1. Of the conditions (1) modelled with pLDDT under 75; (2) open to solvent by less than 100 Å² (accessible area, probe 1.4 Å); (3) within 30 Å of S225 (Cβ to Cβ); (4) not β-branched (V, I, T), A387 clears all except one; give me its number.
2. Scan (1) open to solvent by 40 Å² or more (accessible area, probe 1.4 Å); (2) in a helix (DSSP H, G or I); (3) within 30 Å of D70 (Cβ to Cβ); (4) of a type outside the set (S, T, Y) for the single condition F342 breaks and write down its number.
3. Going through region 273-308 one residue at a time, which ones are over 13 Å from A104 (Cβ atoms) and crowded, with 24+ Cβ neighbours inside 10 Å?
4. So, in region 38-75, how many residues would count as being among the hydrophobic types (A, V, I, L, M, F, W, C) and touching a residue at least 12 places away in the same chain (Cβ under 8 Å)?
5. Take the residues in region 74-91 that are aliphatic (A, V, I, L, M) and either open to solvent by less than 70 Å² (accessible area, probe 1.4 Å) or in contact with a helix residue (DSSP H, G or I) (Cβ under 6 Å, 6 or more places away or on another chain) (or both); name whichever of them is farthest from W151 (Cα to Cα).
6. Please list, ordered by first then second residue, the pairs with beta carbon atoms under 9 Å, 6 or more apart or interchain, first in region 267-286 and charged (D, E, K, R), second assigned to a helix (DSSP H, G or I).
7. Just the residues that are surrounded by 24 or more Cβ atoms within 10 Å (Cβ to Cβ) and more than 11 Å from the chain's Cα centre (by Cα), please, taken from region 223-239.
8. Might you let me know whether region 120-128 holds any residue that is touching a helix residue (DSSP H, G or I) at 6+ places or on another chain (Cβ under 9 Å), open to solvent by less than 10 Å² (accessible area, probe 1.4 Å) and assigned to a helix (DSSP H, G or I)?
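The values are calculated or read from the model by the stated rules, or taken from the named source; none is laboratory data. Everything numeric here is computed off the predicted structure, so don't read it as measured data. Positions of Cβ are backbone-derived with ideal geometry, glycine not excepted, and every protein chain shown enters the neighbour counts. Ligands, DNA and RNA are excluded from the accessible area calculation, which covers all protein heavy atoms including side chains. Shrake-Rupley method; radii C 1.70, N 1.55, O 1.52, S 1.80 Å.
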Amino acid sequence: MAAHAVDPSLETFENDLWWISLIKLLGLFVLLLLLTLFTINYERKVVARMAVRPGPNQVGPKGWLQSLTDGLKLPFKEEIIPKTADKVVYFIAPVISATVAFTAFAVIPFGGVVNMFGHQTALQLTDVPVSVLVLLACSSMAVYGVVLAGWASGSTYPLLGGLRSSAQMISYEVAMGLSIVAVFMTAGTMSTSQIVKAQAHGEPVEMFGVTVTTPGWYAVQLLPSFLIYLIAAVGETNRAPFDLPEAESELVGGFHTEYSSFKFALFFLAEYINMITVSAFCTTLFLGGWRAPWPITAVWEGANSGYWALLWFFGKVLILLFGFIWLRATLPRMRYDQFMRFGWKVLIPINLIWILALAFIKVVRSGALSDEARWITTGVISVTVLALAWGWPAKKKPRQLSIEEQLAHRPPGSFPVPPMDLQVPPSPRARRAVAERAPATVGGDSESKEV
């Protein structure tokens, strides 16, 4: 008989033995290091395949040990510290970035309750009633490492990169937090293990007299929140096309320009662990966590039991990581003002409207409103939305000035303008004027030729 998955509760973690927690802690640390090495090579190979060129293929079987050799090489390279750097903060900044990146993974559930050395324990380091807030706090703390690195380097470009990153991460942290509010409202909990449990089965909904079971994944039920989270996650991790703090064409390398050797390796490690963290967080909140997708669970009852959950969890994470790599290989970098405008004027307003709409749907489905009040409220909201959409002022484009008007509005002392007709005038230093020549005729007159 197939074993069924056992969901952990908060009491499950209170009963863990200390050495079981230590084993899970060490296993999590090693797993993140291996995942980072894999993701770096994974990205290089995928981007190379998209660009139709060979990727890493020399070190190890088909180049899969290239990241390991790079990781071993970096700590032994020469370390250069600028004279103007604040030595203490310069050292602490990469440690902050790497530490909070590791800490965020402590509340991510990898599976249900399993048998580990004869003891029942969950495939999760720990869980608290507000685990999601712990993840948000860790991602908020990551900005300190970036900002302090840019300030402590004592250089202009790292400082600009740090300022950009602080504005960017704070802005998109708001959008990410609002996208998660819909998950709280639907699941009724902030515990990551209980959010996964809430997505185990769909919810029956009556539509036109027919009872339909909705999909359990919140990526389907809360599609606007899922899409906004994906966009905010890319902005939160400073990945292309939102990699403004590290824009090579503008800031050399951004906040880590003056870092080398092991400190640079810590920043590199933190960036990729943050990618893995937001992918794992998205898997937990929107993609059913460690549970297998529907076609597999329909034919295999024990798909979610034991250590099989690790396979489904990391399969979803790798698919999301592929999305990060795909965006980097295809989209150009956005302009900074466009990027900030998109976060504040598009993502956040859409998020707020979606939360209000979801709250109204929850009230209607709870039966708190009578049928008459329900129809009246729905009608008033629909009319209001249509009126706003109809009367919303259209953006007027300014009149395009002609070239002569643009030249007339130029301030005095401006740089000279080349000729608009693309004809180069003769040089005043020429010793003689070039006489105009009549175009030469090629061949003779056909009528004068004798036949």
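1. For A387, the failing item is (1).
2. (3)
3. Passing the criteria: T283, L285, F286, L287, G288, G289, W290, R291, N304.
4. 9
5. Ranking the qualifying residues of region 74-91, first place goes to L74.
6. From residues that are charged (D, E, K, R), the pairs are E271/S97; E271/A101; E271/E246.
7. Correct list: S225 only.
8. Among the residues of region 120-128, not one is touching a helix residue (DSSP H, G or I) at 6+ places or on another chain (Cβ under 9 Å), open to solvent by less than 10 Å² (accessible area, probe 1.4 Å) and assigned to a helix (DSSP H, G or I), which makes the answer no.
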